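Here the structure comes first, spelled out in C-alpha cells, and everything after it is commentary.
The values are calculated or read from the model by the stated rules, or taken from the named source; none is laboratory data. Since the model is a prediction, treat every value here as computed from it, not as a measurement. Note that we place each Cβ from the backbone using ideal geometry, even for glycine, and neighbour counts take in every protein chain shown.
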C-alpha cells in the first residue's frame, strides 16, 4: 500500500469536510422544506467543526509521521463525491431531496471509513482519539440522513431531525 505523510492525509480529510460544508450549505439553500433546511444547516456547521479539529492536528507536531494511508480511496472520493452537483430546482422536490440525502449518506460513509483508517494508522496519542471522535460524530450524521430518507420516501417531506437524534 502506498504511504504518505500524515499531514497530507489530514489535508485530504479537511478537503472532505470543506466539501461537506459546501454541499450541505447549498442543499439548505435549495430545499423549500423548513425541517430539511434546518437539518442541512446543522450538518454544514458540523463539517466546519470537524475541519477545525483536523486543522489543530496539522498545527501540532504529528504531520511528519509516515503512514500507510488509503491513497486510492482518497482519490476515488475526490473523483466521485467532490465532483457531484447539489440537486435542486426540479419540479419533483421529493426526488431532489432524496438525491441530496443519498449523496450525503455516501459522503458520511466515506468519512467514517477514512477516519477509521486514520485512527488505526496514527501512532501518536492525540490523533487516534480525534479520529475516533470524528467517526462517532459521522455515524450520528449518517443515522440522521438515513432516517430522513425513510421520512421523505414515506411522506414527501423531512421530519424534525432533532427528534431522530434523541
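Within the range 89-108, residues that are more than 25 Å from residue 16 (Cβ to Cβ) sit with their Cβ atoms under 6 Å from residues that are at pLDDT 85 or above and not in a helix (DSSP H, G or I), at 6+ positions apart or across chains, in these pairs: 94/156. Kindly indicate the residue of the range 114-136 that is out of contact with any helix residue (DSSP H, G or I) (no Cβ under 7 Å at 6 or more places or on another chain) and surrounded by 15 or more Cβ atoms within 10 Å (Cβ to Cβ) and also nearest to residue 20 (Cα to Cα) among those meeting that condition. So, considering only residues that are out of contact with any helix residue (DSSP H, G or I) (no Cβ under 7 Å at 6 or more places or on another chain) and surrounded by 15 or more Cβ atoms within 10 Å (Cβ to Cβ), the one nearest to residue 20 (Cα to Cα) is 117. Within the range 122-132, the residues that satisfy the criterion of being in a helix (DSSP H, G or I) and in contact (Cβ under 8 Å) with a residue 60 or more places away in the chain are 126, 127, 130.
Tell me yes or no: at least one residue of the range 33-42 is at pLDDT below 85, over 15 Å from the mean Cα position of the chain (by Cα) and surrounded by fewer than 19 Cβ atoms within 10 Å (Cβ to Cβ). No, the range 33-42 contains no residue that is at pLDDT below 85, over 15 Å from the mean Cα position of the chain (by Cα) and surrounded by fewer than 19 Cβ atoms within 10 Å (Cβ to Cβ).
Only a single criterion out of (1) in contact (Cβ under 8 Å) with a residue 40 or more places away in the chain; (2) over 21 Å from residue 133 (Cβ atoms) is not satisfied by residue 10, namely (2).
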